[in-house]
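This report refers to the structure that appears directly beneath it.
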Amino acid sequence: MTRNERKQLRAGIGFTGLWIVGLAAFTAYPVFASLYYSFCDYSILKSPVWCGLENYSQLVHDGLFWKSLRNTLFYAGLSVPLGTVVALGLAVLLNCEMRGKSVYRLLFFMPSIVPIVASSMLWLWIFNGQYGLMNGFLNLFLRPLGLHGPAWLADPAWAKPALIIMSLWSTGNAVVIYLAGLQNVPMELYEAAEIDGASAWQRFVHVTLPTIAPVVTFNAIMALIGAMQIFAQAYIMSEGANGNGNASDGNPARSTLFYTIYLFSTAFQDLRMGYASAMAYILFVITALLTWMAARLTRGHDSG
Amino acid sequence: MTVLLLLCSAAFVAPFIWLVSTSLKPIEQTLTLPISFLPKAYYAELGGRRMEVTVDFQVTQPGAVVRFLTGDDAGKLGFLGAAQMASRPGTFTLVHAVAAGSWHVSQRFDREIGETGPTPLWDVVPRDQVDSHVKFRWANYPRALAALGGDAEADRHRVGFWTFLGNSLTVAVLGVLGTVISNAIVAYGFARLRWRGRDAFFALTLATMMIPFPALMVPLYGVFRTFGLIGTLLPLWLPTWFGSAFNIFLMRQFFRTIPEELSEAARIDGCSEWRIFWRIILPLSTPVLVVAALFHFIFAWNDFLGPLLYLTRKDTYTLAIALESYESQNGGVQWHYLMAASAVTILPVIVLFLLAQKTFIRGIATTGSKN
Amino acid sequence: MVYWEKWNGFEGQAAQAVIDKFNQSQDRIVVDYYATSVPDRKTLVATAGGDPPDIAGLHEQNIATFADAEALQPLDDFIHGEGMTNEEWLSRYYPVYARICTHGGHIYAGISTPAVEALYWNKTLFREAGLDPDRPPRTLAEFNDYSRRLTKRDPKTGRLTQVGFMPQDPGWWPWIFCDWFGGKLFDASGITFATDPHNVAAYAWMQSFTKSYGLDDVKALSSEFGPWASPSAPFFTGKIAMVFQGVWYDNYIHQYKPGLDYGVGPWPENVPGVKDFAMAEADVLTIPRGAKHPREAWEFIKYENSSNPGARTREELQGAELLDYLQVKNSPLRVWSPFFTNHHPHPHIAMMRQLSASPNAVCVPQIGIWQEYYREVISAFDRVRLLDATPEEALAYSQERLDASWARYRRSLELHGQWAALGEKPP
């Protein structure tokens, strides 16, 4: 290295020094330690003892692990597509409407910055089977038919749908992103399509969608990664609707036992941290795959 | 189109309205059907005086208020339907008759569930004799906040709302400072300097964004434990002083838009990199710094998993954890207090947002689009 | 010094009174009492985080789990520092309480308040059935017979109005019946829930009540039961004539049904030759690992596990006796002071003493997976009493799950080199 290069390197490391420490201490060490722990029997009160693939083989046979995975995939598999459609739909609506647009945008965005504990409490109350807003509203239509709204969070069949509905309320930040994306679609493309005699719907399908596809795909995959790690809402709400002191059982009937909840309770309540680390690594692998997919898909479109 | 938009906004706003409405109701009106949005106060005449009452139920059959003569309830007042009166003649004297559709009302004391006191007066009166008007129970708010920390007399180690607020603020403010300062410095190193291995290092930085937090959770906990930091607020804000991949990315994007000539001119003048950073780049970077600060404040204020993991003592709880443990505290959930406490937690964030809307929106839009 | 304990209300006040006396008796240590909900879970989390209280008030069933997890500090060294061997220290307790405090050959806890369970019967109902109200059943056969004679039906509808005994009231300890029948829940080879025939016999006995009453009749009668701690509890309203309940029960009777004419006596003899079978429990005091003031914590534990054996007045009561006097419970110590013996507020304290002193008294099995075992015990009990499964089926199902869990748990202990010392011997 030349003297100048060395000087540059020193400056570079000087400035990024904080991050080097942070990366090493708070990211690199934990990532590798997690991998090591996943092959150990480890509770924080006892040192880790190597046990090879035992944790992983136990996971394969663990009914609760598969249940938590199924619950998580169900939730993510529904909330992300629905959330994307809702957010995109709202963005399209806002794109047309000129007057008062910023007010609407505000209204849609606000719920997404509400603290998760507060919104969990609020939705817990909204989904109250007897006195909640949701059933109060639904029963207006169901009563005449002789039906009534379900017990939502107290009913194993309806607990996850309730959480999915709650997630739709917080899609506001995606609305903002999609709106910006929509506004970046060049007007010329629309004009050209109009000249060719395309209807509004055809313009949407053939001009708008392809142009914003990268943004939508990227955000959808980020949302998917986030949805797979759902924790706080389920933890708080399963305690509130079925309160028996054990918030991390995913009650009712383990229908809201999600992956991260099972991980958390295994690590910090059963103190089986090696086992939890194995679960964490599997999640890491899944997330990495999804991220790689996101990168591939969006890079492919960018060149179009 | 407008109609659709209005409907959608109604759907999004309704939960907030429900939140505020419940928080201003007295407890008995949160548990009534059909659901109502406006809290009311009812007044009727009982025992010769006009007083506030609760409406207990509506009488569907005609009957009468009677005074019993025999049995366990001798001497006491009661209500009997017409059929019941016919089946037990002579066991009571008539006080006054009651028409169908009347309301059973009882004296309303302003006290909590479980508190004891004098027995309320009651009566069954025709509907038109009960006045009502809308009354917001603002007192719910201070009571809810007072109850957050635990049972007043029983617990000599009660922690107050202000402590929780203080903890949340400490974590948020120290986190914001750490985020802004450390990431600006690091991002400068990636954006405005050229050095060997820079791009590879940056690519590595980006790659770390895909590591899910659970994969770091257990060893990170161990690290903090080794330094005796579990149970304190430090694990919640200390790491922000050492940079974060997302913010490095955000700020680097911005720094690269500042013309290179400014730096070049300063270098020719003999300025050190630090001076260039401090005196030229940083003052121009207010927009991105504000965005990063806002994002982190919101994140820290709303964070639940972090405090759940690291905080063990009540006196270090943030508002998020205090609110969650409040829910599981008493026997039954007191919705009006819970909603009031939740509203208080939401308020600062909303206020912050309204003050800095444009920055917020612009920040979200840029992070989501350019990738 | 920080002390986390589960009590508030009058029990909390009793604890505070003893703490005040301790604080005043010396000027080096001040104990700071924190009423904590779910103290066991919170203590484990705090210990894992390296920031535990100095004294944690747990239940006796936590000891094995916490000790195996190495979350507790053994008290052996402190005891030796007092110039005593473990045996000498433990000799202050009745045998069952000494057993409760130990696990794997070490002493991990002191007792805060003990409890013991006895047979309670409704004397009025006995008289109505033509039984001697002062003579409780003495053998299992007599118990079954009395129960039959105390069961009444409405002549018109045939529905039950009263039963002699129902195992689901209170239904908290189905496992004790296994012990009562002479069964073991585990031994050195592993889980014996389904493999020990006495356990099967116990569950069959529990099921026999539903069978003889009829499931629908049981459900109908149960729907009339109020909560156990309320005036409408089945024992208080004369719907159940005999229950097995704990030393605290007299308080509740006094509170919710003061006029009840009831008797308290020993468990009937089940296994021939085993006299004075009884169940014992305790709230315990432990020192979590990583506590900042273990020495001082030991001083307090020592205080609450000693007494003034010559106390003749209320003011002379100390330590264990003061706390147990105020909470209206028996004392775990062998030696009782004259005041405690003769002026105890509990009307049946002599019977409680007799039962807790018995060498045949039994406590919860000290096995690290007890939480899970207990859930299986309850779940098997529910299936069996609702006639969803035969005892063999229910126990076999639980056995399978427990075997897997135990194999995993044991493997973990082996990996950490703890198995040799423990061997998880039954108490």
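Can you tell me which residue among B:320, B:300 is at the interface with another protein chain (Cβ under 7 Å from one of its Cβ atoms), assigned to a helix (DSSP H, G or I), modelled with pLDDT of 90 or more and within 29 Å of residue C:47 (Cβ to Cβ)?
Values: B:300 fails: at the interface with another protein chain (Cβ under 7 Å from one of its Cβ atoms).
Going through B:320, B:300 in turn, the sole match is B:320.
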Open item on the list: List pairs: first residue in region A:145-173 and touching a residue at least 60 places away in the same chain (Cβ under 8 Å), second residue part of a loop (DSSP other than H, G, I, E, B) and open to solvent by 30 Å² or more (accessible area, probe 1.4 Å) anywhere in the structure, Cβ distance under 7 angstrom, at least six positions apart or on different chains.
Closed with: A:152/A:129; A:152/A:158; A:154/A:129; A:156/A:253
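Against the definition (open to solvent by less than 60 Å² (accessible area, probe 1.4 Å) and outside any helix (DSSP H, G or I)), how does residue C:389 come out, yes or no?
Considered against the rule, which asks whether it is open to solvent by less than 60 Å² (accessible area, probe 1.4 Å) and outside any helix (DSSP H, G or I), residue C:389 comes out as yes.
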- [ ] Would you mind stating whether residue C:355 is open to solvent by less than 10 Å² (accessible area, probe 1.4 Å) and more than 15 Å from the chain's Cα centre (by Cα)?
- [x] no
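How many residues are touching a residue at least 12 places away in the same chain (Cβ under 8 Å) and either closer than 20 Å to residue A:265 by Cα or within 8 Å of another protein chain (Cβ to nearest Cβ) (or both) if we restrict to region A:37-52? Talk me through it step by step, then tell me what you get.
First, the residues of region A:37-52 that are touching a residue at least 12 places away in the same chain (Cβ under 8 Å): A:37-45, A:48, A:51-52.
Next, from what is left, pick out any that are either closer than 20 Å to residue A:265 by Cα or within 8 Å of another protein chain (Cβ to nearest Cβ) (or both): A:37-45, A:48, A:51.
Count: 11.
Is it the case that region B:192-201 has a residue that's over 30 Å from residue B:266 (Cα atoms), without any contact (Cβ under 8 Å) to a residue 24 or more places away in the chain, facing chain A (nearest Cβ under 10 Å) and surrounded by 15 or more Cβ atoms within 10 Å (Cβ to Cβ)?
Of the residues in region B:192-201, the ones over 30 Å from residue B:266 (Cα atoms) are none.
Looking for residues that are over 30 Å from residue B:266 (Cα atoms), without any contact (Cβ under 8 Å) to a residue 24 or more places away in the chain, facing chain A (nearest Cβ under 10 Å) and surrounded by 15 or more Cβ atoms within 10 Å (Cβ to Cβ), one finds none in region B:192-201, hence no.
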TODO: Can you tell me which residue within region C:363-386, out of those that are buried (at least 20 other Cβ atoms within 10 Å of the Cβ) and among the charged types (D, E, K, R), is nearest to residue C:187 (Cα to Cα)?
DONE: C:376
Open item on the list: Within region A:130-148, does at least one residue satisfy the condition of being open to solvent by less than 30 Å² (accessible area, probe 1.4 Å), within 14 Å of chain B (Cβ to nearest Cβ) and aliphatic (A, V, I, L, M)?
Closed with: yes
Open item on the list: So, in region B:42-60, exactly how many residues are open to solvent by 80 Å² or more (accessible area, probe 1.4 Å) and β-branched (Val, Ile, Thr)?
Closed with: 1
TODO: Return only the number of the condition from (1) of a type outside the set (Lys, Arg); (2) in contact with a Lys or Arg (Cβ under 8 Å, 6 or more places away or on another chain); (3) open to solvent by 10 Å² or more (accessible area, probe 1.4 Å) that residue B:231 does not satisfy.
DONE: (3)
Open item on the list: Anything in region C:27-60 that is touching a residue at least 40 places away in the same chain (Cβ under 8 Å) and over 17 Å from residue C:320 (Cα atoms)? List them, or say none.
Closed with: C:28, C:29, C:43, C:46, C:47, C:50, C:51, C:52, C:53, C:54
Open item on the list: Going residue by residue through region B:89-96, is there one that turns out to be assigned to a strand (DSSP E or B), of a type in the set (Ser, Thr, Tyr) and assigned by TED's automatic domain parsing to the domain that holds residue B:132?
Closed with: yes
TODO: Scan A:71, A:55 and give me the residue that is within 13 Å of chain C (Cβ to nearest Cβ), touching a residue at least 12 places away in the same chain (Cβ under 8 Å) and in a helix (DSSP H, G or I).
DONE: A:55
Open item on the list: Which of the strands (runs of 3 or more DSSP E) found entirely inside region C:1-76 contain at least 3 residues meeting this: of a type outside the set (A, V, I, L, M, F, W, C)?
Closed with: C:32-35
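Select from region B:277-288 the residues that are open to solvent by less than 30 Å² (accessible area, probe 1.4 Å) and either within 14 Å of residue B:358 (Cα to Cα) or touching a strand residue (DSSP E or B) at 6+ places or on another chain (Cβ under 9 Å) (or both) and list them in ascending order. Full working, then the answer.
The first filter runs over region B:277-288 and keeps only residues open to solvent by less than 30 Å² (accessible area, probe 1.4 Å), leaving B:277, B:281, B:285, B:288.
Scanning region B:277-288 gives a single hit, B:288.
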TODO: Please find, among C:199, C:144, the residue that is of a type outside the set (Asp, Glu) and open to solvent by less than 20 Å² (accessible area, probe 1.4 Å).
DONE: C:199
Task: Boolean, residue A:80 is β-branched (Val, Ile, Thr), open to solvent by 30 Å² or more (accessible area, probe 1.4 Å), more than 9 Å from chain B (Cβ to nearest Cβ) and within 18 Å of the chain's Cα centre (by Cα) - done: no
TODO: Answer yes if at least one residue in region C:67-86 is within 14 Å of another protein chain (Cβ to nearest Cβ), within 20 Å of the chain's Cα centre (by Cα) and not basic (Lys, Arg), and no otherwise.
DONE: yes
Open item on the list: Take the residues in region A:91-120 that are open to solvent by less than 10 Å² (accessible area, probe 1.4 Å) and over 30 Å from residue B:335 (Cα atoms); name whichever of them is nearest to the other protein chains (Cβ to nearest Cβ).
Closed with: A:94
Open item on the list: List the residue pairs whose Cβ atoms are under 7 Å apart, where the first residue sits in region B:1-26 and is facing chain A (nearest Cβ under 7 Å), the second is surrounded by 12 or more Cβ atoms within 10 Å (Cβ to Cβ) and not in a helix (DSSP H, G or I), and the two are 6 or more positions apart or on different chains.
Closed with: B:1/A:97; B:2/A:97; B:5/A:97
TODO: Would you be able to say whether some residue in region C:162-182 is under 23 Å from the mean Cα position of the chain (by Cα) and farther than 20 Å from residue C:382 by Cα?
DONE: yes
Open item on the list: Quick check on my filter: what residues within region C:410-427 are open to solvent by 50 Å² or more (accessible area, probe 1.4 Å) and either assigned to a helix (DSSP H, G or I) or in contact (Cβ under 8 Å) with a residue 60 or more places away in the chain (or both)?
Closed with: C:410, C:411, C:414, C:420, C:421, C:425, C:427
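Suppose we keep only residues that are in a loop (DSSP other than H, G, I, E, B), open to solvent by 30 Å² or more (accessible area, probe 1.4 Å) and more than 15 Å from residue C:357 (Cβ to Cβ) within region C:258-269. Which one would you say is modelled with the highest pLDDT? Explain how you work it out, then say what you get.
As a first pass, look at region C:258-269 and keep what is in a loop (DSSP other than H, G, I, E, B): C:258-261, C:266-268.
Next, from what is left, pick out any that are open to solvent by 30 Å² or more (accessible area, probe 1.4 Å): C:258-259, C:261, C:266.
From the residues that got through so far, the ones that are more than 15 Å from residue C:357 (Cβ to Cβ) too are C:258-259, C:261.
Details: C:258: 90, C:259: 89, C:261: 94.
My answer is C:261.
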Open item on the list: Yes or no: region B:266-283 includes at least one residue that is of a type in the set (Phe, Trp, Tyr), within 30 Å of residue B:316 (Cβ to Cβ) and in the same structural domain as residue B:176 (by TED's automatic domain parsing).
Closed with: no
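The values are calculated or read from the model by the stated rules, or taken from the named source; none is laboratory data. All figures in this text were calculated on a predicted structure; none of them were measured in a lab. Note that we place each Cβ from the backbone using ideal geometry, even for glycine, and neighbour counts take in every protein chain shown. The area values use the complete protein model at the heavy-atom level, side chains included, leaving out ligands, DNA and RNA. Shrake-Rupley method; radii C 1.70, N 1.55, O 1.52, S 1.80 Å.
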